Number of protein chains: 2
Amino acid sequence: MVQIVKTISEVRDIVKAWKRAGHQVGLVPTMGYLHEGHQSLMTAAKSENEKVVVSVFVNPMQFGPTEDLASYPKDLDKDRQLCQQAGADLIFHPDAAEMYSADFCSFVDMTGLTEELCGRSRPIHFRGVCTVVSKLFNIVQPDKAYFGQKDAQQLAVIRRMVRDLNIDVEIIGCPIIREHDGLAKSSRNSYLNREQRQAALCLYRAIKLSQQLMQDGERDCQRISAQMTALIEQEPLAKIDYISIVDADTLSPVEGINRSVLCAIAVYIGKTRLIDNIVFDI
Amino acid sequence: MVQIVKTISEVRDIVKAWKRAGHQVGLVPTMGYLHEGHQSLMTAAKSENEKVVVSVFVNPMQFGPTEDLASYPKDLDKDRQLCQQAGADLIFHPDAAEMYSADFCSFVDMTGLTEELCGRSRPIHFRGVCTVVSKLFNIVQPDKAYFGQKDAQQLAVIRRMVRDLNIDVEIIGCPIIREHDGLAKSSRNSYLNREQRQAALCLYRAIKLSQQLMQDGERDCQRISAQMTALIEQEPLAKIDYISIVDADTLSPVEGINRSVLCAIAVYIGKTRLIDNIVFDI
């Protein structure tokens, strides 16, 4: 069964031995409670690297004070099985004190990209993401790192951080993996009861609607988001956080679709905040 | 003569070839206009590594809007000679556009340590320092990096950043190098006219006074700084920015000296801001 290590020095020693042996190393950073979305990242990583490290760490720094840090789902035994099946070579599973000393005070952050979309309702989220991903990159020193397109803003922020700070790692974005009925796979789907699970389909329906409108030739962002809003508002259990159509790289709002754009939505189903998105490549 | 490269990809290629050949690499980050202080860093680096990279980059991000970015002294030919004499193997001398793209938006920073001492009068300085040093570490990926104890707060901030973000580099602090009369070597000493150069000696006299008081058994920080203040105020061309006695690691103020403390001062001589310090190891 795939090995689990809990300390920074252990994972460093193992990875350095791999590198000395000439192996390429892929990193899949996760918060655990793994699903087929994570598995697709591991599979991609294994196909492009001899060795794959999966980090399982629920990063307290990226949760706001009213968010679901304490209740975030955990199942390390199942995570280990899924890592094993996907061919991962090592699980890095530190506790919070290993990653953050009592007098920890440094951070990595950015302006602009982090302030739109999820940044509006989660103001400290991306500082936490940038900081922990920087730490994981420095600890593991992977050749490539794999992130899901489902967290589209996170992927754009990490790509920008890597570019700006000259971090020597290649970032690979992997497609959204969906349930049979279209709901994007997410560890947070486990929070949904049966009724909410049904209601959550409105996110995928809205994404499909935007795709249909694009195919029909619509290029006006306001008209597209108005129709998506109307569709989601038909669902009584849903409350829209945002529906945004933005430049795919800078995440700044666009009016007409004349370049690659990201159409991203965040919707509360009960207390559970779900996200979904689609990229229109022009 | 030691080679100068201006692009990130060139320095990366050269250093990676060195590493493949099994060489240890030391980095000496500088803003150029090198003096014997920098030379002592290069000499230390050369004694501990097969290869030494000196970066020469006046980092705009660490200068405030009213500071001396435009007038900061430059002499690349002399820098190259000093690097050659000290046995450096490569000068990395990027222009600002190579380091900061037009849409650059990421940064590295910290709370606490950056807010005391120089951080009070230079509020964005250490964000610029942390960001550019992170970039240099990611570009060069040195085994060890060398910084002067003269910039004591910078050294403490970089040590903390490296620890917090798990950056895989060993930070080496090197002693202050002084002129024959005691003035700490600094590129900014070139701003001083003859009269100011004489007045600037008050910094060293104040540092010596604190050392004498310590040797005489004084442990009360307020009494020590009061005497240092009185000494510097005798010099009409001097204007004190701060005189601080702080914990050597956390840089937080202390009242009595019962652990390792940093006694640090910043004084304007005319428009030129000079710093000096001494560490009392208890």
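The values are calculated or read from the model by the stated rules, or taken from the named source; none is laboratory data. As the structure is a prediction and not an experimental result, all values here were calculated from the model. Note that each Cβ is placed from the backbone with ideal geometry, even for glycine, and that neighbours are counted across all protein chains shown.
Do you know which residues across the range A:251-282 are polar (S, T, N, Q), under 18 Å from A:Ala156 (Cα atoms) and in contact with a helix residue (DSSP H, G or I) (Cβ under 8 Å, 6 or more places away or on another chain)?
Step one: of the range A:251-282, the residues polar (S, T, N, Q) are A:252, A:258, A:260, A:272, A:277.
Of the ones still in play, those that are also under 18 Å from A:Ala156 (Cα atoms) are A:252, A:260, A:277.
The one that is polar (S, T, N, Q), under 18 Å from A:Ala156 (Cα atoms) and in contact with a helix residue (DSSP H, G or I) (Cβ under 8 Å, 6 or more places away or on another chain): A:Asn277.
Each row is one residue, and each column tells you yes or no for (1) over 18 Å from B:Val5 (Cα atoms); (2) under 16 Å from the mean Cα position of the chain (by Cα); (3) not assigned by TED's automatic domain parsing to the domain that holds B:Asp13.
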| residue | (1), (2), (3) |
| --- | --- |
| B:Leu41 | yes, yes, no |
| B:Ala45 | yes, yes, no |
| B:Glu48 | yes, no, no |
| B:Pro60 | yes, yes, no |
| B:Gly64 | yes, no, no |
| B:Ala70 | yes, no, no |
| B:Pro73 | yes, yes, no |
| B:Cys83 | no, no, no |
| B:Gly87 | no, no, no |
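Among what's in the range A:134-150 and is within 21 Å of A:Pro60 (Cβ to Cβ) and within 12 Å of chain B (Cβ to nearest Cβ), pick the residue that is surrounded by the fewest Cβ atoms within 10 Å (Cβ to Cβ).
It comes out as A:Asn138.
Identify, from the list A:Ile243, A:Ile265, A:Ile207, A:Ile176, the residue that is in a loop (DSSP other than H, G, I, E, B), within 20 Å of the chain's Cα centre (by Cα), of a type in the set (A, V, I, L, M) and more than 14 Å from chain B (Cβ to nearest Cβ). Steps first, please.
Working: A:Ile243 fails: in a loop (DSSP other than H, G, I, E, B); A:Ile265 fails: in a loop (DSSP other than H, G, I, E, B); A:Ile207 fails: in a loop (DSSP other than H, G, I, E, B).
Just one listed residue meets the conditions, A:Ile176.
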